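First comes the structure, then the notes that go with it.
None of the figures in this text is laboratory data; all of them are computed from the coordinates on show. Here the structure is a predicted model, which means the values were calculated and not measured. For neighbour counting, all protein chains shown are included, and Cβ atoms are generated from backbone atoms with ideal geometry for every residue, glycine included.
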4 protein chains.
Amino acid sequence: MIGGNYPYGGAIIMAALACVNSGAGLVTVATHKDNITALHSHLPEAMVFDMVEKDRLSEQITAADVVLMGPGLAEDDLAQTTFDVVWKTIKSKQTLIIDGSALNLLAKRKPALWPTKQIILTPHQKEWERLSGLTIPEQTETATQTALVHFPKETILVAKSHQTKIYQGQKIGHIQVGGPYQATGGMGDTLAGMIAGFVAQFYTDRFDVTAVAVFLHSYIADQLSKEAYVVLPTRISAEIARVMKEMSE
Amino acid sequence: MIGGNYPYGGAIIMAALACVNSGAGLVTVATHKDNITALHSHLPEAMVFDMVEKDRLSEQITAADVVLMGPGLAEDDLAQTTFDVVWKTIKSKQTLIIDGSALNLLAKRKPALWPTKQIILTPHQKEWERLSGLTIPEQTETATQTALVHFPKETILVAKSHQTKIYQGQKIGHIQVGGPYQATGGMGDTLAGMIAGFVAQFYTDRFDVTAVAVFLHSYIADQLSKEAYVVLPTRISAEIARVMKEMSE
Amino acid sequence: MIGGNYPYGGAIIMAALACVNSGAGLVTVATHKDNITALHSHLPEAMVFDMVEKDRLSEQITAADVVLMGPGLAEDDLAQTTFDVVWKTIKSKQTLIIDGSALNLLAKRKPALWPTKQIILTPHQKEWERLSGLTIPEQTETATQTALVHFPKETILVAKSHQTKIYQGQKIGHIQVGGPYQATGGMGDTLAGMIAGFVAQFYTDRFDVTAVAVFLHSYIADQLSKEAYVVLPTRISAEIARVMKEMSE
Amino acid sequence: MIGGNYPYGGAIIMAALACVNSGAGLVTVATHKDNITALHSHLPEAMVFDMVEKDRLSEQITAADVVLMGPGLAEDDLAQTTFDVVWKTIKSKQTLIIDGSALNLLAKRKPALWPTKQIILTPHQKEWERLSGLTIPEQTETATQTALVHFPKETILVAKSHQTKIYQGQKIGHIQVGGPYQATGGMGDTLAGMIAGFVAQFYTDRFDVTAVAVFLHSYIADQLSKEAYVVLPTRISAEIARVMKEMSE
């Protein structure tokens, strides 16, 4: 997991909490060095290193099944260098999830070549506008599907909005749960972490696995909202393992 | 939210916990850089940056609906510079909540011009003495109303004491709950954070919204005091979302 | 509260948790600067500053009703300088609780003059040996009472052991609860924090107040031990407010 | 406890949580200095110092009954120097538990002389390969017993795998609980900490004590897995004291 650049350290903490609680197994985080203590105070289960260490970053990317880049990555020089290391290092067997500010960096670069076809994009509407060129009102299902042609064929798009939809080629998934109690900052980071945790662990159809992660994220928020006017992302992460157990039975 | 200057880092942590748990949505904190890790260890949901970064501070203020300045701000050079950036940057559409040491800085400056009329002041008695010139025994309802004439007409005053009162022009609200179990340091910071969270989210009459925040703060303390001889501010914040849900039904 | 010098930062964290949860109201901690973030991550309710700031230390001591010096203070140069600032600054109206390594510093200094008569000492057996000259087998009730003659007349001695006893002049209090589940490091720090919190808040007879704090500390451990083979000091602090409520009814 | 070198700080945090919660009494941790705050934010009960301080390290090792070296120790220069200090300082009365990367350092050094015969090794299969020369398929019970001849006679081997086994001379213990919900990083660190806590506290047969620690670790994971699809190491540590109580009755 790569992110939590200054001053967005909290984003990768929330993503990592979601990922570990989803059952990812071994989670390694590259983040701003000033963020390491805060992350470990939440989650000693994750290995964490300073994002400026390019060699270690390459090595860890190479060892990973799934790479999530973006929660709190920012867009400064360090973010750009880090993006380039990821792009250069990742291989076709690996899944790359691109979230948050990494989507903006992607929009600027418009790469002709992709290091892997196993791409998952998790933009909110404004980020999808930058990526697709579609303004928010233009983001119909058809227009979005057409825009996806410019990405590798198997790309999964998690188009976050009040009614999050999941796209892959001609398939579209709709989520029927969720609500305004989900407005707290960090919901997207938590979702990205859950998707990473699910994709790393379940080897059935990637579209389905992503859809399940998106569904559970909203389902847990929904359940929590029955007893709380506000649902914090970290509270969602605290419930993932319990709800996965419930669902698995 | 602006505060938590050395050695008062805990104050802005408590204010931010209250604000996020009240449902503010996106919360950004400017604080002393040594306080960032502690804040993130409580609350990865908040974005946090070093208060010395004036450009970022201006930018974030400009992007905000509500600005809370003061919990643990201190009165040193950094606090004064920060106060000035806020004063210069804030616009008439924005709500400015002034709390803690920012009230003392305000008392010293006696500004002739106010950047916004949407002001909420949250002094305890000694801070109100400095602001109004009224000694504590002189702080009758009438005298306080008269003193308020020197502030923008729509100013809301939350006059904290054993019996907190809320003033706006000729309106006065009284809170009937609360008690000595509330004496722990940080209660005021928590209250300021709740007011910020409520004002940012509910667009009905600002006086009413403030009164509800003040009421709920004491109401939760009251409820908790039934099972605890001492009520910590952070325990109040942990209950806000649940009690808001209860009330909303 | 003064302590938590390197590498004993945890000690003052535990003492402060106990003190705030006992209802001390406003708690200020002087500690090693590297310990501030860890303390705030447990307890934003406390104001915390760097122990090397002598002016601030003097100022804060002057403002306090009760000063607890010692949990994790160590015995290095910084500890000694800090001890001297406390000794020079404290006044006869103030209560001084001396714990942990501050007791060893006291044993070395053998002061002829005491800045206040309101002294509470909380040694374990080895510390009491250094202070009184009595080896552990010699520490009978009579010998201990005789040794107390060399301290200010109103001094309260909390002689910690498997069967903690409290002495003041001819009075002796015995605690009938407690057990081996209390062996975890930090129990003494937690007790010192509770005594500080109780003395700061209850103005009846100081001997009785101290005895109640000592009793409650062991009583809570006893209760917790019914469901746990090991009782951590921080778990005791988490129960103080609830048990105080229970007892107060 | 020695470990938590950069970037593996979380490992020693988890080991220390397990150790203190097992009832070790006084726990001292030598770790990378950047890890001290995170450790204290989890566990003020432990005394923690910077692993580069060789004199303090020697002194603390000398004062200990049990030394656990390895969780997150890494294999860099600092790790190697630290390993050497331990090897030179430890005495025959002391128990030395070797875990994680310290096992790799041990494999490289192939020491002819051991400072103590009271050795506990806790390798996973790859680490045991490096230590014993047996490839994973070759690690049969007989081959493992034969390889153990090259270690001090009383050495206990905790051979971690899906079916962890405990060896000492001709004795072999099998654990019948455990499952895939235990895959999260840090399980081994937590187990090592539990073994240290048990060996430090129970003076019956060391093989039995180790076996009980290994059993309880898996037993707790098993219990937790009834309500959670994923079991985090830190959740296991949070249950140790309760389950020990349950078992002791």
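Some observations on this one:
- Contact order for segment D:47-191, expressed relative to its length and based on alpha carbon pairs under 8 Å spaced 6+ residues apart, stands at 17 percent.
- Cα gyration tensor shape of chain B, rounded if a/c is under 1.5, else prolate or oblate by comparing a/b with b/c: rounded
- Inter-chain Cβ neighbour average for residues A:49-58, partner chain, 10 Å: 1
- Counting Cβ atoms of other protein chains within 10 Å of each Cβ in A:29-35 and taking the mean gives 2.
- 26 Å tail of the calculated P(r), segment D:50-193, as % of Cα pairs: 23 percent
- Amide H to amide H distances under 5 Å link residue A:97 with A:67, A:68, A:69, A:120, where only residues 5 or more positions off or on other chains count and H is placed in the peptide plane.
- For q = 0.12, 0.18, 0.19, 0.24 Å⁻¹, Debye-computed log10 I/I(0) when each Cα of segment B:135-212 counts as one equal scatterer: -0.37, -0.83, -0.92, -1.29
- Counting DSSP beta bridges with both ends in the protein assembly as shown, the antiparallel % (nearest 5): 30 percent
- Kirkwood hydrodynamic radius computed over the protein assembly as shown comes to 30.1 Å, based on all pairs of distinct alpha carbons.
- Neighbouring partner chain Cβ atoms per residue of D:225-233, average, 10 Å criterion: 6
- Cα centroids of segment B:193-225 and segment A:59-77: 40 Å apart.
- C-alpha center-to-center spacing [segment D:116-179, segment B:22-56] in angstrom: 49 Å
- Given R0 = 25 Å, the distance between the Cβ atoms of residue A:208 and residue A:153 translates into a calculated FRET efficiency of 0.90.
- Cα gyration tensor, segment A:1-93 - rounded (a/c under 1.5), prolate or oblate: oblate
- Where trypsin sites (Lys or Arg not before Pro) fall in DSSP loop in segment A:1-97, at most 13 other Cβ within 10 Å: A:91, A:93
- Extent along principal axes [Cα atoms of segment A:43-100; Å; largest to smallest]: 29, 28, 22
- Projecting label points 7 angstrom from Cα along Cα→Cβ for residue D:125 and residue B:109 puts them 6.7 nm apart.
- Note, ³J(HN,Hα) from phi for segment D:201-211, Karplus 6.51, -1.76, 1.60, rounded to Hz, x at Gly and Pro: 10, 10, 9, 6, 3, 4, 5, 5, 4, 4, 4
- The largest-to-smallest principal axis extents of the Cα set in segment D:120-249 are 41, 32, 20 Å.
- Loop-located GluC sites (Glu not before Pro) in segment D:70-133, at most 16 other Cβ atoms within 10 Å (DSSP): D:75
- Of D:175, D:136, D:166, the one that fluctuates the most in a GNM where chain D has Cα springs shorter than 10 Å: D:136
- Those trypsin sites (Lys or Arg not before Pro) in segment B:112-188 that DSSP places in a loop and that have at most 12 other beta carbons within 10 Å: B:153
- For segment B:73-130: rounded, prolate or oblate by the Cα gyration tensor [a/c cutoff 1.5]: oblate
- HN-Hα J in Hz across segment C:150-165 - Karplus 6.51, -1.76, 1.60, θ = phi - 60°, x for Gly and Pro: 7, 10, x, 3, 8, 3, 9, 10, 9, 8, 6, 6, 4, 10, 4, 10
- Listed residues D:196, D:143, D:16, most fluctuating in chain D (Gaussian network, C-alpha, under 10 Å): D:143
- Here the Karplus curve 6.51 cos²θ - 1.76 cosθ + 1.60, taken at θ = phi - 60°, turns the phi angles of segment B:100-115 into couplings of x, 5, 5, 5, 5, 4, 4, 4, 6, 7, 6, x, 7, 10, 10, x Hz, with x standing for Gly and Pro.
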